[in-house]
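The block underneath contains the structure these notes are about, expressed in structure tokens.
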Amino acid sequence: MASLTVRQLDEALKKRLRLRAAKHGRSVEDEVRNILRSAAASADEFGAPAAPNETTRDAATREPAPRAAARRVLLIIGGGIAAYKSLDLIRRLRERGIAVRVVMTQAAQQFLTPLSAGALSGERVFTDLFDPASEFDVGHIRLAREADLIVVAPATANLMAKIAGGHAGDLASAVLLATGKKILLAPAMNPQMWSSKATRRNLAQLIADGVALVGPNAGEMAERNEAGIGRMAEPLEIVAAVEGLLTNTGGALAGLRVIITSGPTHEPIDPVRYIANRSSGKQGHAIAAAAASAGAEVTLIAGPVNVPDPVGVKMVKVETARDMLAAVEQALPADVGIFAAAVADWRTDHNSKEKIKKTGTGTPELTLVENPDILSIVAHLKTKRPRLVIGFAAETEKIIEHAKAKLARKGCDWILANDVSAESGVMGGDRNTVHLVSASGIESWPQQTKDEVAGELIKRIAAELKERAPKENSPKENSP
Ligand code: C5P
């Protein structure tokens, strides 16, 4: 359909459309297209009933969140055994409509040929800073500028040292020095090299310079009998980080303070046992990373998790719900509070100092008491309440119904409801299907990676605060 003309809409509907379009930063025409697309996606045919648990209004406000638009990535392949995964990375990026131009270092060519990388990227591969043909044709400055994002995978210890030191003696480092674009590194090296003082120093410098990181992961090394932190992130993890950065919200949250809780809490029973849950922290951490890359000052308060600390956030690591509450109170005031942690609802009434022993005469009795509800406490604060308080509702049934009840009970502004039934694979998985429930309706987002959900949420937060700003800044009616 090339164009769209809708006549004879009543004024009230036109006004609602205009407001909605402004909120999402779209033209009215685009907004109407979105509504129609969503209606088509949510029903077998136009006019079919909305999904169960949704009102007509809910269905009308349902819309897909945008995916990363077709963009251009410059992939710099460094010389490490993990380079073999970079071929798969090229395929995965292209599958998502992202164009990939490849630069290979001399060392990378010990592991891969430019021919294979070129066959997969569908473009010539660049290898030499002093190649007169490519300098005349494209040149390192154009390579540096014509990408939306530069990805270095694998980022070897040597390449990281060169970037941190501002070297420009070969094509890869010259491009990295000449670019003003965001750089994403996927480090890969032996654990000893990763933990060496020199690499730590370089890493600190790179983080201070605003470079983004994905991985490295812990696990087995290519060398026999070696394990530890240093494995390059898997291609799909790198793709998720790329999509997150390409949908980046720029400085949308610049100057704002954001508090985020993430992960499970552990409630001790005795010195060796505790009550826990299956939360991985992936969604909360992804939101923290997205908020930080949107320019917010982020405090991430996390229970025990196995995911890496996001770059550029203030980390506060806690164990129990009560520690988490104390850390949140300490971190206030903030503009936005996002409560993504799966806080244990109960703890034992007393934490045994000694390990509880099997006596052979029966099982010990555990009496549970309720933990403080951090989200509800913060949402009901008289002073220091963040302007926007967002909770999560992890449900296994009647998702929307429970989320609506939770919104009212907790007193927060938005609830992101998600299905965490075993079949959904959300707990610990990389994808999430969420419904944004607020006083003004329900939006059901399509299934996305947790990074995409995070990016979309940050955009919504920025739009909401922008929309509220005139009202919040206008003088109160009764003020003198
Ligand atoms: O009541 P329920 O645990 O389902 O509520 C989930 C929401 O409340 C999440 O946002 C979670 O982070 C928050 N929560 C909390 N403190 C608790 C329990 C839940 O902040 N003790």
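The values are calculated or read from the model by the stated rules, or taken from the named source; none is laboratory data. For clarity, every value in this text was computed on a predicted model and none was experimentally measured. Please note: Cβ atoms are built from the backbone with ideal geometry, for glycine as well, and neighbour counts cover all protein chains shown.
Here is a check on your reading of the model: is Asp349 near the ligand (Cβ under 9 Å from one of its atoms) and of a type in the set (D, E, K, R)?
no
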message = Looking at region 191-203, can you tell me whether even one residue there is out of contact with any Gly (no Cβ under 8 Å at 6 or more places or on another chain) and modelled with pLDDT under 90?
response = no
Filtered residues of region 252-263 (kept if buried (at least 24 other Cβ atoms within 10 Å of the Cβ), at pLDDT 95 or above and not polar (S, T, N, Q)) = Val258, Ile259, Ile260, Gly263
query = Within region 264-272, can one find any residue that is at pLDDT 95 or above and under 30 Å from Arg460 (Cα atoms)?
reply = yes
task = Of the numbered conditions (1) free of Cβ contacts under 8 Å to residues at least 24 places away in the same chain; (2) assigned to a loop (DSSP other than H, G, I, E, B); (3) not aromatic (Phe, Trp, Tyr), Gly215 fails exactly one; give the number of that condition.
result = (1)
request  = Kindly check whether there is at least one residue in region 149-164 that is at pLDDT below 95 and either assigned by TED's automatic domain parsing to the domain that holds Val305 or buried (at least 18 other Cβ atoms within 10 Å of the Cβ) (or both).
outcome  = yes
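Take the residues in region 102-130 that are part of a strand (DSSP E or B) and modelled with pLDDT of 95 or more, then tell me which one is nearest to Ala240 (Cα to Cα). Steps first, answer last, please.
Step one: filter region 102-130 for residues part of a strand (DSSP E or B), giving 102-104, 126.
Applying the additional criterion that residues be modelled with pLDDT of 95 or more yields 102-104.
Working: Val102: 19, Val103: 21, Met104: 22 Å.
If we take residues in region 102-130 being part of a strand (DSSP E or B) and modelled with pLDDT of 95 or more, then Val102 is nearest to Ala240 (Cα to Cα).
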note = Per the filter on region 363-380, residues within 14 Å of the ligand (Cβ to nearest atom) and without any contact (Cβ under 8 Å) to a residue 12 or more places away in the chain are none
ask   = Can you name the number of the only condition in (1) part of a helix (DSSP H, G or I); (2) closer than 23 Å to Gln109 by Cβ; (3) hydrophobic (A, V, I, L, M, F, W, C); (4) at pLDDT below 90 that Leu177 fails?
value = (4)
message = For the list (1) modelled with pLDDT under 90; (2) within 24 Å of Pro304 (Cβ to Cβ), I need the number of the one condition that Val378 fails.
response = (1)
Qualifying positions in region 430-440 - more than 18 Å from Val389 (Cβ to Cβ) and surrounded by fewer than 23 Cβ atoms within 10 Å (Cβ to Cβ) = Asp430, Arg431, Thr433
inquiry  = Can you confirm whether Ser279 is touching a Pro at 6+ places or on another chain (Cβ under 8 Å), buried (at least 19 other Cβ atoms within 10 Å of the Cβ) and of a type in the set (Ser, Thr, Tyr)?
reply    = yes
note = Residue pairs within 6 Å by beta carbon, gap of at least six or interchain, first lying in region 388-403 and at pLDDT 95 or above and hydrophobic (A, V, I, L, M, F, W, C), second assigned to a loop (DSSP other than H, G, I, E, B) and more than 11 Å from the ligand (Cβ to nearest atom), listed first then second, are Leu388/Asp413; Val389/Asp413
note = Only one of (1) in the same structural domain as Val453 (by TED's automatic domain parsing); (2) away from the ligand (no atom under 12 Å from the Cβ) does not apply to Arg409, and that is (2)
ask   = at pLDDT 95 or above, under 22 Å from Lys317 (Cα atoms), out of contact with any strand residue (DSSP E or B) (no Cβ under 7 Å at 6 or more places or on another chain) and within 16 Å of the ligand (Cβ to nearest atom): does that describe Val343?
value = yes
inquiry  = I'd like the residue in region 429-466 that is assigned to a strand (DSSP E or B) and without any contact (Cβ under 8 Å) to a residue 24 or more places away in the chain and, out of all such residues, is nearest to the chain's Cα centre (by Cα).
reply    = Arg431
Total residues in region 327-338, condition touching a residue at least 40 places away in the same chain (Cβ under 8 Å) and either basic (Lys, Arg) or part of a helix (DSSP H, G or I) (or both) = 2
note = Residue pairs qualifying under the 8 Å Cβ cut-off, at least six apart or on distinct chains, with the first in region 139-153 being closer than 19 Å to Asp128 by Cβ and the second being small (Gly, Ala, Ser) and assigned to a strand (DSSP E or B), are Val152/Ala186
